[in-house]
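Take a look at the structure set out below.
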Amino acid sequence: MIDTDKYEGHTEGPWYAEEEEQEDGKAWTVRGADHWVVMESDGCLRIDWKKEDALLAADAPLLLEEVKRLREEKTFLWETYLKESAEVKRLREENETLRKMDWEYECLWTWLAENTNLLNTIEPLMEEWKKEYDEE
């Protein structure tokens, strides 16, 4: 993890980088609202800016690496979220199906309970009617 406290008070952006012709070759100049830095073609820096800005510029490679890492993590988390969202949706649908099946099961048992009592009442009557029919 990068200690960002050391950048506290740095010059706010935007900063601009441009290549310039110098007497002894090309150089890159980075300008902010109240500073500039020139990187000569040999890699040497001439700096006219605050310490916090220099620290921020020096850590630019680390910060870039962190940005790349965070982008990868964001992509991974987003893909994981999408997969889990699809799984959650599937589980909710399955849950709804099971709830309907449970309701149908309860209805069936209620119907059987009600009609079993009815059959127990009708069965003796049917036996009696059968005897009467056979006697005729």
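Figures for the structure shown
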| read-out | value |
| --- | --- |
| Any chance residue 69 is closer than 30 Å to residue 1 by Cβ and surrounded by 10 or more Cβ atoms within 10 Å (Cβ to Cβ) | yes |
| Filter pass, residue 119 being over 30 Å from residue 3 (Cβ atoms) and at pLDDT below 80 | yes |
| Residue match in region 84-98 (condition: modelled with pLDDT under 90 and in contact with a helix residue (DSSP H, G or I) (Cβ under 7 Å, 6 or more places away or on another chain)) | no |
| Region 67-120: number of residues that are within 33 Å of the chain's Cα centre (by Cα) and acidic (Asp, Glu) | 8 |
| Any hit, region 32-40, residues being modelled with pLDDT of 65 or more, surrounded by 15 or more Cβ atoms within 10 Å (Cβ to Cβ), under 38 Å from the mean Cα position of the chain (by Cα) and closer than 16 Å to residue 12 by Cβ | yes |
| Residue 115 vs. criteria assigned to a helix (DSSP H, G or I) and exposed (fewer than 10 other Cβ atoms within 10 Å of the Cβ) | no |
| Residue within region 64-75 that is at pLDDT 90 or above, under 24 Å from residue 19 (Cβ atoms) and of a type in the set (A, V, I, L, M, F, W, C) present | yes |
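The values are calculated or read from the model by the stated rules, or taken from the named source; none is laboratory data. The structure presented is a predicted model; accordingly, all values stated were derived computationally and were not measured. No Cβ is skipped: glycine too gets one built from the backbone with ideal geometry, and neighbour counts run over all protein chains shown.
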